Amino acid sequence: MEQAILTFINYIHRIKGTSDNTEVSYRRDLTKLADYLQSEGGISDWSQVTATDLNSYMLYMEKNNYAASSVSRSVASMRAFFRYMAKRGKISDDPAEELKPPHIEKKAPLILTIEEINMLLEAPDSSSAKGARDSAMLELLYATGMRVSELIGLRTEDVNLQHGYVICRDRTKERVIPFSHSCKTALEQYLDGTRESFLSGKDEGFLFMNIQGKKLSRQGFWKMLKGYAQSAGIRKDITPHTLRHSFATHMIQNGADLRSLQEMLGHSDIASTQIYADAGIQYMMKVYSKAHPRK
């Protein structure tokens, strides 16, 4: 069963151009499913799986207190996998065709206020090499709304300081995102000699590196962000994605249109961008209720 999962992952990687995170999630979800089917039902071949088996697995996840979002993601993995298997003639019927994910109540994304953003961006000591690097990373993340995986994957040639934009690339496309003057200043300081202090031997070309001169990890950036949030006195439980949410919401609040924001964020579906418009409306309602004299 494991070989079929690996073949499927290879397929979506080559044909669909899926992200590393998506592939890791699919493989993890399907491996857990295979383990359950083998241990609980004695099933050793995907052709033996029925709709009842998959519904039983969903009940198992719910009884074991899996989050609704985890169950929903697992359903998406199962539907994609069995659809692939049916189209390739590996199974006669698709047992996941009628599988329905649990209802998930959409929550407004956690965002920082502009005051909190300013406190966070001012937290690094840019007079040190590490502080200058960290300041440039935080400024760029908030200025563009890019994903942290895109940030740490940037190469020096992806930044155009003269015209003030950065190029984000993935397997199938690239997008150009402008950045602010304050971000440009932070990048100039970092690139004007500071970056060289992180080099250790061969320059691998990444824009941001750790102290060993290697590509910065997601975990390394997360730890750095948490540290600066704490030193800035920000009590919210922020993640790297919080800066992406904050960028998008602040852009909407200041008049950006959804289509332009969709392009900057790299969303394939504008419905994904709509949540920031909703968050902007909620923010305006709060401001209105606090400020209007006739409440």
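The values are calculated or read from the model by the stated rules, or taken from the named source; none is laboratory data. Quick caveat: nothing in here was measured; it's all calculated off a predicted structure. Please note: Cβ atoms are built from the backbone with ideal geometry, for glycine as well, and neighbour counts cover all protein chains shown. Calculation scope for accessible area: heavy atoms of the full protein, side chains included, ligands and nucleic acids excluded. Shrake-Rupley method; radii C 1.70, N 1.55, O 1.52, S 1.80 Å.
Points to keep in mind about this one:
- Entry remark, the range 245-259: residues being part of a loop (DSSP other than H, G, I, E, B) and surrounded by 14 or more Cβ atoms within 10 Å (Cβ to Cβ) number 1 in total.
- Residue list for the range 83-110, restricted to those being surrounded by 13 or more Cβ atoms within 10 Å (Cβ to Cβ), modelled with pLDDT under 85 and among the hydrophobic types (A, V, I, L, M, F, W, C): ALA108, LEU110
- Counting only helices (runs of 4 or more DSSP H) that sit wholly inside the range 1-63, those with at least 3 residues that are touching a Leu at 6+ places or on another chain (Cβ under 8 Å) are 51-63.
- Filter pass, SER149 being small (Gly, Ala, Ser), open to solvent by 10 Å² or more (accessible area, probe 1.4 Å), under 16 Å from LYS130 (Cα atoms) and touching a residue at least 60 places away in the same chain (Cβ under 8 Å): no
- Identification of helices (runs of 4 or more DSSP H) wholly contained in the range 91-191 with 2 or more residues that are farther than 21 Å from GLY205 by Cβ and within 24 Å of the chain's Cα centre (by Cα) yields 114-121, 129-144.
- Filter pass, THR194 being open to solvent by less than 20 Å² (accessible area, probe 1.4 Å), over 14 Å from the mean Cα position of the chain (by Cα), closer than 21 Å to GLU122 by Cα and of a type outside the set (Gly, Ala, Ser): no
- Residues located in the range 221-244, provided they are open to solvent by less than 30 Å² (accessible area, probe 1.4 Å) and either closer than 24 Å to HIS267 by Cβ or in a helix (DSSP H, G or I) (or both): PHE221, MET224, LEU225, ALA229, ILE238, PRO240, THR242, LEU243, ARG244
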